[in-house]
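Presented below is the structure to which this report refers.
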Amino acid sequence: PQVTSAPQLASPAPHSYPRLNRKNTMFSLDPAVFTSRATISLGALEQNLTRVRAHLTGQKIMAVIKGDAYGHGLLPAARAFARAGADYLGVAQVAEALALVREWGEQPTEGEALAGHPALPPVFSWIYTPDSDLAPALEAGIELSVGDTWMIEAVARAAQATGHTARVHLSVDSGMTREGFNLEDIPAAAQLLATHQQAGRLEVVGIWSHLACADDPDSDATTSQIAVFDEARRLATRASLTPRLAHLSASSGVLWHPGARYDMVRPGIILYGLSPEPRRTLASDLGLRPAMRLESELLTTRQLSHRAGVSYGHTAVVEDGAVLGVVPLGYADGVPRALSNKGYVTVGEGPAAQRAPITGRVCMDQFVVRLDGPLPAGTPVVLFGDPARGEVSAAQWALASGTISYEIITRVAARVPRLYVK
């Protein structure tokens, strides 16, 4: 038989990928059908910001809402922080910041409507690439970080093209070794910024950096980073830059390093009611309240009449008479598979509530718990919530699964409906 070569497929042009929109991505499901939910207390978000402000000595607060507001919902959380008096909103991805600005005026949810609709504070964002179109961000008034020469030039070009003066924050690598100008590169960067500022293309409104080890009481890295940051500020001043906002501290810096607060702080995890290092300080000791409560209900229960293996791989074996319940959430919803045979959930309400161990492997859409006794299908389950109410906490899940609270709350999947309450 004649052999023919396979047709050659044309190589795609660089960056010719389809643009994503909401129709291409996951959306939360109908809560009347998908009855598991993440209940978000807007009141807790507001109270946590108020609590953080009381801990400060007059510094401005940039409420960090990156990662879809740590899984709490970008727009509702941002509005809650604005109502509580946030001076700035901080979003990592410029695309997410742009979505926030564009959607700010949308109709609030039922829970939000009870709380009021605030004005939009200034928005700061710091992640974009050489191929990012920055014109929409400048037109929306979003303030941008510049931590590399190409960033300065890209923002300046966008400013020239749009006729908008870009407000920028000079990013310094003070010791995180991630992004930002090294100390030896600050003079040249500052001079370039000054040139563009004199031409009216840019206005340098801030200088910033990020602490690497602020949650570690045994590390001297924070002291070193403060010294580097102070020197960077002096070098910027020599180039005639006078940024009005210096900001270095995130949650750990706010709590444990008063000397690193400067003009503004950028709290993140503490605004959502969790401690950045619960082995050092519990959130409740800080007067914070968890804003997210991941809830479901028992799908089915059974009492075994024989010894049996449970879930994939039979990594758990239970004896005759064991009572098991199935919870209809899994790792597709954000339940860490690492909690298999390790984690706990709270089953039931009031005095009858019990702490039930996850038994066997967590599956994609469900997992099994061992119960103290028979319970009906539909019995409420709190996967994590407020320990002050006797519920398992996100911090406990994080410890059991070998991760951090940040990951637990941000990994709650988009398909899980968010229910907002005041």
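A few notes on this one:
- Residue by residue, the range 52-64 carries 3J(HN,Hα) couplings of 5, 4, 5, 7, 9, 10, x, 5, 5, 10, 9, 6, 8 Hz when phi is fed to the Karplus relation 6.51 cos²θ - 1.76 cosθ + 1.60 (θ = phi - 60°); x denotes Gly or Pro.
- Here the range 322-341 and the range 345-422 have alpha carbon centers that stand 9 Å from each other.
- DSSP bridge orientation in the chain - percent antiparallel, rounded to nearest 5: 45
- Sequence-distant residues sharing a close amide H with residue 202 (under 5 Å, placed H): 166, 197
- If you wrap the Cα atoms of the range 128-267 in a convex hull and average its projected area over all directions, you get 7.9 nm².
- Cα-based Rg / Dmax (Å) for the chain: 24.8, 84
- Using the Cα coordinates of the range 42-279, the gyration tensor eigenvalues translate into equivalent-ellipsoid semi-axes of 28, 24, 14 Å, sorted from longest to shortest.
- Loop-located chymotrypsin sites (Phe, Trp or Tyr not before Pro) in the range 25-71 (DSSP state other than H, G, I, E, B) with a sparse environment of at most 14 neighbouring Cβ atoms within 10 Å: 27.
- Computed from Cα atoms, the angle from the helix 74-83 axis to the main principal axis of the chain rounds to 70 degrees.
- Relative to the current alpha-carbon distance between residue 57 and residue 218, full extension at 0.36 nm per residue lengthens the span by 55.4 nm.
- Of the residues 267, 192, 44, the one whose Cα sits farthest towards the positive end of the charge dipole of the chain is 44 (charges of +1 on Lys and Arg Cβ, -1 on Asp and Glu Cβ, taken about the Cα centre).
- Residues whose amide H lies under 5 Å from that of residue 264, counting only those 5 or more places away or on a different chain, are 60, 246, 248; hydrogens are built 1.01 Å from N in the peptide plane.
- Kirkwood radius for the range 292-421, taken over all pairs of different Cα atoms as the inverse mean of 1/r, rounds to 14.7 Å.
- Listed values for the range 264-270 are Karplus-derived 3J(HN,Hα) couplings in whole Hz (6.51 cos²θ - 1.76 cosθ + 1.60, θ = phi - 60°), namely 8, 10, 10, x, x, 4, 5, and x replaces Gly and Pro.
- Modelled label positions at residue 133 and residue 230, each set 7 Å beyond Cα in the direction of Cβ, lie 4.6 nm from each other.
- Where only DSSP H runs of four or more residues are counted, the chain gives -7500 deg cm²/dmol as its mean residue ellipticity at 222 nm, each run worth -39500 (n - 2.57).
- Long-range HN-HN contacts of residue 298 with modeled amide H, under 5 Å: 378, 379, 381
- With distances taken between every two different alpha-carbon atoms, the range 284-340 has a Kirkwood hydrodynamic radius of 14.1 Å.
- Backbone geometry of the range 143-160 corresponds, through the Karplus equation with coefficients 6.51, -1.76 and 1.60 at θ = phi - 60°, to 3J(HN,Hα) couplings of 8, 10, 7, 10, x, 7, 4, 4, 5, 4, 5, 5, 5, 5, 5, 5, 5, 4 Hz, x marking Gly and Pro.
A short reminder: the numbers here are calculations on the coordinates, not readings from a lab. Keep in mind it's a predicted model, so treat the numbers as computed, not measured. Backbone-built Cβ (ideal geometry, glycine too); neighbour counts: all protein chains shown.
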